Each structure stands twice: as structure tokens, then as C-alpha cells.
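The values are calculated or read from the model by the stated rules, or taken from the named source; none is laboratory data. Just so we're clear, the structure is a prediction, and the values are computed from it rather than from any experiment. Glycine also receives a Cβ, built like all others from the backbone with ideal geometry; neighbour counts cover every protein chain displayed.
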Amino acid sequence: MERPELDLRQLHAFLVLAEELHFGRAAERLGVAQPPFSQQIRRLEERVGHPLFDRAARELTAAGARLLPAARLALEEVAGGLEAARRAGRGEAGRLRVGFAASLALTVVPGVIAAFARERPGVRVEMRELTTSRQLQALRGEEIDVGLLRETEEAEGLEVVPLLAEEVVAVLPSAHRLASRRRVEVADLAGEPFVFFPREHGAGFHDRLLAPARAAGFEPRVTQRAVEWQTVAGLVAAGLGVSLAPAGVSAVRPAGVVYRPLKGAPTTTVALAWRHGTGDPLVSAFAHLAVAVGKALS
């Protein structure tokens, strides 16, 4: 990078001189002796190649008058840039890219984002709806800064903090034989067709949800697949199968679907993840708030 042609100290001295129109008063205002002050102005004039101040008439020359607005703008931009850098360093400004699993838009996401916006109004938050596996890729590829995801053991290179645990519930068509029960035995779902999301979209979460069925001695027969929980609920409502889901999904209530607690229900974990070793104060602030919101929801 080339050395700047103009020195900020010289520009500052020139601005003070332009306001005072007197070398002695300008030097006194800056708290320096007049000879060093005069040298600053002389060096600036040498760089410009023309006199900037008519010492006899005590007024700016044509060159000085043209330089004055540019000098003001340069110093204002530097001051603004310094303050912006300080605010960013304090985590009060900048951009934070947040990935989130679709189902968390119904539970954790609103509270965390609202709290963060209140505490850090100068930060621009960019939200990206991504599956858990895609969030892990995006974090490692530096496409997002933090991720709100579900049940992951793939933490290489990442910091993962659990926020809260949700019970697993049964998702049933409202006309299903088990829909009238207050609680459902997982074993009662053996032989039922299942609507479920592909394992590649979140292996840990997928296996955690299906663990109750496997513990009950059967492997769910998945006949319909969908990535979004809204779609899963819609297919269940259409009578195409049953499903298992985190309790937060029960906020999705299309006509024809019911959610029932499971006896001895296991839990699935909602977590926050970010790149290991990041020193970004925005990430630290977001993590602090997310943990607090998670505790409040637990």
C-alpha cells in the first residue's frame, strides 16, 4: 500500500489555521509553539505545490480554499472510521450472519433475535434458514458466523453449546386410532408408515428422534420424506403416516394433525455453534443471549 500523500496532522493544522487566520492563535489553540506549527503548514504547501495561506492578507489562497472542504471531509471520515472500528470492537456494530433450523423459528429464534436487537441495535443480523448439516458446512466455510441447530455430534473445529432440551412427541392424523389418548406408547407405532426427513439433513438429530422406536424394538418404516416440519405435519394430516418430532414443532398445527406426548419420552437438544477460536465480540454477545433465552424456555 502506498504512503498517503497528505499527513492528517498537517491537515488538522491547516483546518485550525483556516478558522483562526492567524499563525500565533492557531498554534496556541493546538497547544504547540508557532515555529513547529509553521513547519507543518510549510510541509503541506510543499506537498500541494502551492501556497495555501496569504500571510500578508491573512486569508486562504485559491489553492487553500479548494483544499479546505476536502481536508474537512478527510478528517471527518477518519474520525467516523475510528469510531466505527471502536464500536465494532465493542460488539456494538457490524454484521452477524445467523443460521437456524426451520423448526427453531417457532421456539428459540424469535426470543434470541429480539433480545439481541434490543441489546445491539447497531448490528445488522442476516438470517439464513438451513438444515443442521448445511449449517455445519456453512460455519466451516465461513458463510455464517453462528448456527442455531439441533442435535449434532459433528463438532470438529466448532464450539457447540446446548441451549435447551425438548421432549420428543408423536405426530398423528387426527383420525388415527391413537389420537384420543393423552399419551402414546412408542411401541404402539410399530408397523405404522412414517413421514420423516432424510438422514443426510442432520444425522444426529435424525437418529435421536428415531431412537425411541429402535429402543422399543422396531425400525420405523419411512414411506414419505420431507425436509421441512410444516411439510411433515401436512403429510401426516393427509393420513400418509405418523411421525416423531421435537415438542416445539407442535406450534405447526394444520387441520387434521394432533401431537401427543410419549411415555418415557427422550429429549432432543437445541444448540448454538460457532467456529472455534473466533474472537468476534458479536458472536460472544449472541452466545450469551442465546444461553439466557434457552434457560428461560427450559
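Observations, loosely collected:
- Pairs with Cβ under 7 Å, 6+ apart, first in the stretch 17-38 and over 13 Å from residue 55 (Cα atoms), second exposed (fewer than 13 other Cβ atoms within 10 Å of the Cβ): 27/33; 34/24
- Hits in the stretch 198-219 - residues which are closer than 18 Å to residue 236 by Cβ and out of contact with any helix residue (DSSP H, G or I) (no Cβ under 7 Å at 6 or more places or on another chain): 198, 209, 210
- Scanning the stretch 96-120 for residues that are surrounded by fewer than 17 Cβ atoms within 10 Å (Cβ to Cβ) and at pLDDT 90 or above yields 110, 111, 114, 117, 118.
- When we screen 172, 178 for residues that are part of a loop (DSSP other than H, G, I, E, B) and at pLDDT 95 or above, the only hit is 178.
- Residue in the stretch 265-287 that is surrounded by fewer than 18 Cβ atoms within 10 Å (Cβ to Cβ), under 34 Å from the mean Cα position of the chain (by Cα) and within 21 Å of residue 200 (Cα to Cα) present: yes
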